[in-house]
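Taking it in order: structure first as structure tokens, then the write-up.
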Amino acid sequence: MLQFIHSKWAYLALLVLVLATFNALIKFFGDKEFDAKDFRISLFALITMHIQLLIGIILFFTKDYFSTIEQVGGMGELMKNSALRNLVVEHPLTMIIAVTFVTVGYSKHKKKLTSKPKFKLLAIFYTLALVLVLAKIPWNLWF
């Protein structure tokens, strides 16, 4: 059940992150003013990404990957298996970094007083997060 929720919520989190990223990029390059809608879009991206991360962390510990590491012969053997390495190490670590980028970008943009620097910070950090998320989505499980 938790795997199902994590998989389905990922669609929403990705959609909102794409929307927030493109919103920031378009408005940064278009010299638009930052308004309440922009704030809500960036906040919703932050919230959905954090919920996805929380579900993923719970899923990681309920799946008991630590026994999987023992079963394959330790961390050295796990790292030789690309599928397991991606599942147990690369995907979780990359997603934690992506959520960190979203959090830093959101936090820093709030401290800026004018629109251009706000959109610049959101565009940079949300784009970095989006690239990481797209790189580590298990596409073979999605389609």
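No lab work stands behind these numbers, since they all come straight from the coordinates. Note that the coordinates shown come from a computational prediction; the quantities given were computed from them, not determined experimentally. Cβ: placed from backbone, ideal geometry, glycine included. Neighbour counts: every protein chain shown.
Mean shadow of the stretch 59-119, computed from the convex hull of its alpha carbons, in nm²?
Taking a quarter of the hull surface, the average projection is 5.6 nm².
Calculate the FRET efficiency for residue 36 and residue 131 from the Cβ-Cβ distance with a Förster distance of 25 Å, rounded to the nearest 0.05.
About 0.35, to the nearest 0.05.
Report the relative contact order of the stretch 2-124, percent, no decimals, based on alpha-carbon pairs under 8 angstrom and at least 6 residues apart.
Taking the mean separation of contacting Cα pairs over the length of the stretch 2-124, I get 39 percent.
Kindly state, to the nearest 0.05, the FRET efficiency for residue 4 paired with residue 43, given R0 = 35 Å and r defined as their beta-carbon distance.
0.85
Spin-label point model (7 Å from Cα, Cβ direction): what's the residue 93 to residue 72 distance in nm?
A separation of 1.3 nm, rounded to one decimal place.
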